[in-house]
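For reference, the structure is listed below as structure tokens.
Quick note: the coordinates plus some simple rules give every number you see, no bench work behind them. For clarity, every value in this text was computed on a predicted model and none was experimentally measured. Quick reminder, even Gly has a Cβ in these numbers, built from the backbone with ideal geometry, and neighbours come from all protein chains shown.
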Amino acid sequence: MDQAIAIDDAAPLTPAALTNAIDLLTRAVTQGLAVTSASELLAASRASERLVPLALALRSALLAEAEDQRAGEIDGLNMADVISEERRIPKTDATSELRRASAHAAFPNVLAAAAVGRISQPNLETAVKTLEQMQPFYSADEFPAAEAALLKEAEGTVPAIFRKKCRTSLSQLDESLRRANNAATAKRRKQSFDERGLVITLIEDGEFGANVWGHIPTEYLRKLKPALDRKAEADGRAQRHSSRQAKDLRVRMLDALFTLVTGSRPPQADDVNGDDASSPCSDERPDLFSGLDASEPASGGTTDPNVAACVDAAGSASATDAVVDELLAAPERTRHLWDTDAEDLGRDRRLASRGLRELLTLRDGGCVFPMCTDPPEVCIAHHITSWEAGGRTDMRNLALICTRHHPRVEYPPGDPNHWTIVLDDAGIPAARPPVRYDTARQLIYHPRLTPPTCGMPLPSQVQTLAAN
Ligand SMILES: [Zn+2]
């Protein structure tokens with residue numbers, strides 16, 4: 001290749017060399033490779049296969065060191081946030097990738113073998129997990145020999161067999177393994193207990209249910225899980241005996257939890273569209289649509305305006321019907337309907353009121369930075385145009401941002417060198433990336449704030465487009 005870069009074999013590369021490599025690869029992707037024969041194509045394919053493990057190994061080593069040195073803090077982030085930003089993956093996924101990278105980097109010999117393709121990626125995973133468990137049994141002098149033997153096995157063994165061999169080897173150490181693991185186990189158990197908790201995140205205002213996330217430590221699990229299992233199993237048996245089809249286990253688990261906590265039977269499918277207490281008549285949404293609903297109570301006997309609105313909607317196929325239907329079909333699209341100015345504080349007060357925060361929670365649902373998964377509780381109401389620059393404490397100038405991402409977006413909206421938050425024409429918050437991330441600087445919406453479909457034109461629309 002005529003683009004060869006002069007490299008001093010013995011010296012570590014500068015980060016600039018990495019940038020050059022990226023430029024080179026980018027050109028190869030955008031401009032293609034000038035391949036003139038099948039044998040050249042084969043050689044190029046082989047080269048690109050070698051590229052993958054090399055890139056992965058380099059990445060693990062870099063990430064582990066960056067995590068060690070807390071390099072992300074330069075940007076006010078942790079390294080998981082950085083991965084999430086660069087790779088456009090949810091932060092939870094980024095966190096596990098970071099953990100994996102650190103584990104790999106802890107065994108540089110194994111990582112080096114994987115980098116040059118001497119061992120496969122699956123065997124790298126197995127080897128690292130096994131070595132982590134083996135390490136406590138060996139002295140610093142003994143360990144390299146054990147590691148070398150494992151590595152040799154990893155080179156010539158298919159993943160499934162290698163995993164099995166590793167398990168068997170570990171079991172030989174088991175008795176002492178247990179002892180050595182005791183301290184580590186105690187530490188992890190305490191960590192688990194400290195992390196106990198349950199987070200119920202309402203979707204919209206609960207209209208579409210809620211997502212549940214939590215961590216159950218062993219101490220709770222030992223009593224909770226058997227109780228749920230027993231109840232779910234008993235329900236399943238009863239359902240099978242009554243010749244109904246038994247519900248899926250995960251449904252039975254939730255039903256069991258409901259019954260054990262509330263003491264009453266869980267709602268049935270028939271109740272969902274019925275006129276029970278969870279119908280739109282009794283929830284708190286209608287007041288958010290003031291201006292859409294007929295605001296005058298119906299001239300019947302009822303005086304509750306919410307009930308009146310429902311009666312009205314049910315009685316006549318009004319325009320409200322269509323709007324509400326559309327809301328239910330694509331709630332994300334119509335969040336701007338909640339962009340009321342009822343709670344706006346203007347220049348009177350810098351901090352958002354409780355009412356404003358509630359509206360923001362409804363609209364944003366959590367940190368609006370792309371891919372961030374932080375819930376509203378850990379977010380601040382960020383002034384899009386800063387308070388100091390005369391920004392107002394209004395719905396149209398606020399967005400929820402978590403405390404870590406906040407310093408990242410504290411620049412005038414549209415600043416070309418930084419991430420900033422803007423509100424689009426529909427009143428939906430979006431992130432405007434810096435030039436280095438996307439030269440076109442197109443708005444990036446949090447997945448929570450995007451329409452429920454991919455926006456692909458329907459076949460009939462494609463034909464229309466083609467005809468024009
Ligand atoms: Zn965030």
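The table below lists the values:
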item: Cα gyration tensor category, rounded, prolate or oblate, for segment 200-268 with a/c compared to 1.5; result: oblate
item: Three semi-axes of the equivalent ellipsoid, segment 54-97, Cα gyration tensor, whole Å, largest first; result: 15, 14, 8
item: Ranking of Leu356, Leu362, Leu63 by count of other Cβ atoms within 10 Å, fewest first; result: Leu362, Leu356, Leu63
item: GluC sites (Glu not before Pro) restricted to DSSP loop in segment 65-113 with at most 12 other C-beta within 10 Å; result: none
item: Set Lys165/Lys187; Lys91/Lys152; Lys165/Lys231; Lys152/Lys190 screened for pairs whose C-alpha atoms are more than 32 Å apart; result: Lys91/Lys152; Lys165/Lys231; Lys152/Lys190
item: Rg ratio (alpha-carbon, reference 2.2 N^0.38 Å) - segment 77-165; result: 1.22
item: Extended-chain gain in nm, criterion 0.36 nm per residue less alpha-carbon gap, Ser242 and Leu170; result: 21.1 nm
item: Calculated from backbone phi, Karplus (6.51, -1.76, 1.60) coupling profile of segment 153-165 in Hz, x at Gly/Pro; result: 4, 5, 5, x, 10, 5, x, 5, 5, 4, 4, 5, 4
item: Pair-distance profile P(r), taking every C-alpha pair of segment 15-190, with 10 angstrom steps and integer %; result: 9, 27, 33, 22, 8, 2, 0
item: Of Lys129/Lys164; Lys129/Lys223; Lys164/Lys225, those spanning more than 23 Å from alpha-carbon to alpha-carbon; result: Lys129/Lys223; Lys164/Lys225
item: Kirkwood hydrodynamic radius of segment 337-449, from inverse mean 1/r over distinct Cα pairs, in Å; result: 13.9
